[in-house]
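The numbers here are math on the coordinates, done by the rules we state, and not lab data. Being a predicted model, the structure only gives us computed values, none of them experimental. No Cβ is skipped: glycine too gets one built from the backbone with ideal geometry, and neighbour counts run over all protein chains shown.
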Amino acid sequence: MSFQALNSVLWSERQLFELLLFKLEEEQLLLAAGKSRWLPHSTREVENVLEQIKDMDLARSMESDAVAAELGLPDNSPLSTIAETAPEPWNDLFASHRAAFVSLTAEIEALVSTNRELLTTSQKATQETLLNLQRDDSTYNESGTTTNGEAQPRLLDQSL
């Protein structure tokens, strides 16, 4: 039965969305802790989950179209329309899936935004530190010519 197949695909897709949320939270913890060493691994894991979601999206689309056809709906009908048209208990299950996807998507968008801000802040701090280290110490003397000043000691926060 198409309803059961769609329900199974939706559960699998929800699990992938939750895994993506988890991976993004891991990435956020790494960013907040300044553990940039592990960021490439974390980014790769996020990309892997996104690839799995992309594959699952195709399966969901096929199952949704099959259910839509059974219900007399056009292809590419949204899950909300399928949920409104499906018989009991499928209508409640599909509505529940849709609500979970809306919630998970909002959480994922918020995490992505926060992670982007953390990355931007980290990048700016790194650039400012590098500019400070490369600063030209030449100065003008009383005759108007440039001279190199004495080398000044610098403090460097090694946690960067």
TODO: Look at the range 60-77 and say how many of its residues are closer than 13 Å to L10 by Cα and surrounded by fewer than 16 Cβ atoms within 10 Å (Cβ to Cβ).
DONE: 2
Open item on the list: Can you name every one of the helices (runs of 4 or more DSSP H) wholly within the range 1-111 that holds 2 or more residues which are under 30 Å from T121 (Cα atoms)?
Closed with: 2-33, 39-71
- [ ] Would you be able to tell me the number of residues in the range 41-75 that are farther than 27 Å from F22 by Cα and in contact with a helix residue (DSSP H, G or I) (Cβ under 7 Å, 6 or more places away or on another chain)?
- [x] 8
Task: Top-ranked residue of the range 53-72 - restricted to ones that are closer than 16 Å to F101 by Cβ and among the charged types (D, E, K, R), ranked as nearest to the chain's Cα centre (by Cα) - done: K54
- [ ] State all residues of the range 6-40 that are of a type in the set (A, V, I, L, M) and either surrounded by 13 or more Cβ atoms within 10 Å (Cβ to Cβ) or in contact with a Phe, Trp or Tyr (Cβ under 7 Å, 6 or more places away or on another chain) (or both); if no residue qualifies, say none.
- [x] L6, V9, L10, L16, L19, L20, L21, L24, L30, L31, L39
